[in-house]
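Following: one structure in structure tokens, then a few remarks.
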Amino acid sequence: MRTLNRRHWTFTALFILAYLVLTATDAASTLLGIRSGLAQESNPHVGEQSGSFDLDRFLCMNGAVLLVLTGMLVWSFRSRDSIDPRYLGRPRLAFWNFIYLNPFAQRNIPRSAFHYIATPICILGMKGLATVNNLLIAKGTPDPITPLAHWIHGIAPGWLAFWMLIFVLWLPCWWPSLAIAAWFLRNGRQTGNAVVSISGSPSP
């Protein structure tokens with residue numbers, strides 16, 4: 001494994017800062033929506049009962065997620081030489097192959113190390129989306145997520161409906177996150193005097 005350089009530590013620090021800010025805006029906008037009487041919490045893991053919102057539980061869960069994501073991000077940067085170079089030129093190739101049990105397995109690292117650079121970016125996008133959607137609800141403005149959530153909750157029980165909704169919202173954030181991760185890694189290689197060809201394979 002390689003050590004992290006200044007670019008990697010800066011990326012990690014900016015992720016942590018953005019995550020903390022967006023977690024705060026997510027929580028504040030959720031509380032605002034609930035207090036307006038126009039919204040209820042759809043995440044069954046952050047309340048004692050359906051529709052309730054426990055701020056302490058929300059913050060503890062988000063703190064745990066932040067620790068895991070930060071650790072995986074640092075590991076991915078250290079494993080960057082093992083990433084399949086095809087993903088750097090064509091990140092769309094990594095769009096659907098994110099289902100595996102062990103990201104540390106040798107056969108999975110060429111994709112998992114890339115995925116766990118893109119995942120924090122995707123999480124930030126989803127937090128931003130949640131904040132905007134909560135603010136729309138609080139203002140009484142039609143929002144895009146509520147109709148989708150109601151439809152999914154009509155065909156699945158609470159916890160399953162929540163994760164189905166997360167999966168649906170994940171997909172449109174996932175593609176740009178992969179593209180940003182690929183750009184960041186390509187830029188780092190070029191800075192290090194290694195050139196990446198259009199096909200995504202390192203040039204001689």
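Data table
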item	result
Qualifying positions in segment 108-163 - assigned to a loop (DSSP other than H, G, I, E, B) and modelled with pLDDT of 95 or more	Asn108
Which listed residue is in contact with a Gly (Cβ under 6 Å, 6 or more places away or on another chain) and either farther than 23 Å from Tyr19 by Cβ or touching a residue at least 40 places away in the same chain (Cβ under 8 Å) (or both), from Gly154, Gly89, Gly125	Gly89
Residue match in segment 19-27 (condition: at pLDDT 95 or above, small (Gly, Ala, Ser), over 17 Å from Asn134 (Cβ atoms) and in a helix (DSSP H, G or I))	no
Filtered residues of segment 72-98 (kept if surrounded by 15 or more Cβ atoms within 10 Å (Cβ to Cβ), in a helix (DSSP H, G or I) and not small (Gly, Ala, Ser))	Met72, Leu73, Val74, Trp75, Phe77, Arg78, Arg80, Arg86, Tyr87, Leu88, Pro91, Leu93
Of residues in segment 139-156 being touching a Leu at 6+ places or on another chain (Cβ under 8 Å) and aliphatic (A, V, I, L, M), the one farthest from Ser36 (Cα to Cα)	Ile152
Meets criteria (exposed (fewer than 12 other Cβ atoms within 10 Å of the Cβ), at pLDDT below 95 and of a type outside the set (Phe, Trp, Tyr)) for Leu101	yes
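Residue-by-condition table, conditions (1) more than 19 Å from Leu136 (Cα to Cα); (2) of a type in the set (Val, Ile, Thr); (3) in contact (Cβ under 8 Å) with a residue 24 or more places away in the chain; (4) in contact with a helix residue (DSSP H, G or I) (Cβ under 8 Å, 6 or more places away or on another chain):
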| site | (1), (2), (3), (4) |
| --- | --- |
| Arg2 | yes, no, yes, yes |
| Leu14 | yes, no, no, no |
| Tyr19 | yes, no, yes, yes |
| Ala27 | no, no, yes, yes |
| Gly33 | no, no, yes, yes |
| Gly37 | no, no, no, no |
| Asn43 | no, no, yes, yes |
| Asp54 | yes, no, no, yes |
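The values are calculated or read from the model by the stated rules, or taken from the named source; none is laboratory data. Note that this is a predicted model, so its numbers are computed, not measured. Note that each Cβ is placed from the backbone with ideal geometry, even for glycine, and that neighbours are counted across all protein chains shown.
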